Amino acid sequence: MKIAIASDHAGVALKTEICNMLLDLGHEVKDFGTYSAEARVDYPDMAFLTAESVAAHKYDRGVLICGTGIGMMLAANKVQGIRAALCHDQFTALLSRRHNDSNIIVLGARVTGMDVAKEMVKAWLVEPFEGGRHSIRLQKITSYEQKPNTMLNADAKGHITVDENQATSHAKVWAGGDIVLGAATVILAMGEGRKAAAAINEYLAK
Ligand code: RB5
């Protein structure tokens, strides 16, 4: 397989180990850096390089590593076509393949031990996607990321309404009353608006 890999400064040691393992297993590896554990870098820079190369099918899969894995996961998943899964053990790594068809595995070098991480990557690379009902769910994500936000519509006065055709059943649960959010009035059309208003007010009060 052709594999793209990258880390920030917190993940350099683990990245080196994983690169060596992948080469030993016969994979072709592209290391997008960083190369020094001492010089601080910003994880989005490496995440975007790696994720774009996988999304463009220049590489079959990607491996991203930072301290917790959270930053790399957030950044990589902004790239269209990327399903980056932050995994902590064999179970999450395998399920991210079977159910989510993850194309990037993300690891936290300060969270997961070296040997556990290596075993996870090894197992993740060969685990197939199950397809079936999982394909339908992933297709919903793919369709969603290809269009602008459309569940809520705002008019010139700042009134926001839920588009019933676009809203998912989950969003519809939250539809129904008048909610005042600063200068904008949110008018939701169906369902349990009072509950939504209470939750939003509680959130704003925090
Ligand atoms: C770097 O200190 C750390 O913030 C980074 O490696 C990562 O954990 C971010 O999510």
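Key figures for this structure:
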{"read-out": "Count - residues of segment 7-50 that are free of Cβ contacts under 8 Å to residues at least 60 places away in the same chain, among the small types (Gly, Ala, Ser) and closer than 13 Å to residue 62 by Cβ", "value": "1"}
{"read-out": "Of all residues in segment 120-159 being part of a helix (DSSP H, G or I), small (Gly, Ala, Ser) and at pLDDT 95 or above, the one that is surrounded by the fewest Cβ atoms within 10 Å (Cβ to Cβ)", "value": "135"}
{"read-out": "Number of the exception - residue 57 against (1) touching a Gly at 6+ places or on another chain (Cβ under 8 Å); (2) surrounded by fewer than 18 Cβ atoms within 10 Å (Cβ to Cβ)", "value": "(1)"}
{"read-out": "Leading residue by the ranking (nearest to residue 114 (Cα to Cα)) among those in segment 34-69 that are more than 16 Å from the ligand (Cβ to nearest atom) and either of a type in the set (Gly, Ala, Ser) or assigned to a loop (DSSP other than H, G, I, E, B) (or both)", "value": "62"}
{"read-out": "Subset of segment 17-33 (residues that are within 16 Å of the ligand (Cβ to nearest atom) and of a type outside the set (Phe, Trp, Tyr))", "value": "18, 33"}
{"read-out": "Residues being within 21 Å of residue 88 (Cβ to Cβ), aliphatic (A, V, I, L, M) and without any contact (Cβ under 8 Å) to a residue 60 or more places away in the chain - total across segment 120-138", "value": "3"}
{"read-out": "Residue selected from segment 70-92 under the condition out of contact with any Leu (no Cβ under 9 Å at 6 or more places or on another chain) and away from the ligand (no atom under 16 Å from the Cβ), by the criterion most open to solvent (accessible area, probe 1.4 Å)", "value": "91"}
{"read-out": "Residues being part of a strand (DSSP E or B) and either farther than 18 Å from residue 54 by Cα or hydroxyl-bearing (Ser, Thr, Tyr) (or both) - total across segment 1-32", "value": "1"}
{"read-out": "Matching residues, segment 93-119, being surrounded by fewer than 22 Cβ atoms within 10 Å (Cβ to Cβ), of a type in the set (S, T, N, Q) and either free of Cβ contacts under 8 Å to residues at least 24 places away in the same chain or within 15 Å of residue 61 (Cα to Cα) (or both)", "value": "100"}
{"read-out": "Segment 107-119, residues that are within 12 Å of residue 90 (Cβ to Cβ) and either in a helix (DSSP H, G or I) or more than 16 Å from the ligand (Cβ to nearest atom) (or both)", "value": "115, 116, 117, 118, 119"}
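The values are calculated or read from the model by the stated rules, or taken from the named source; none is laboratory data. Just so you know, these numbers come straight off a predicted model, no measurement behind them. Every residue, glycine as well, gets a Cβ built from its backbone with ideal geometry; the counts of neighbours run over all protein chains shown. Areas reflect the complete protein model, heavy atoms only, side chains present, ligands, DNA and RNA absent. Shrake-Rupley method; radii C 1.70, N 1.55, O 1.52, S 1.80 Å.
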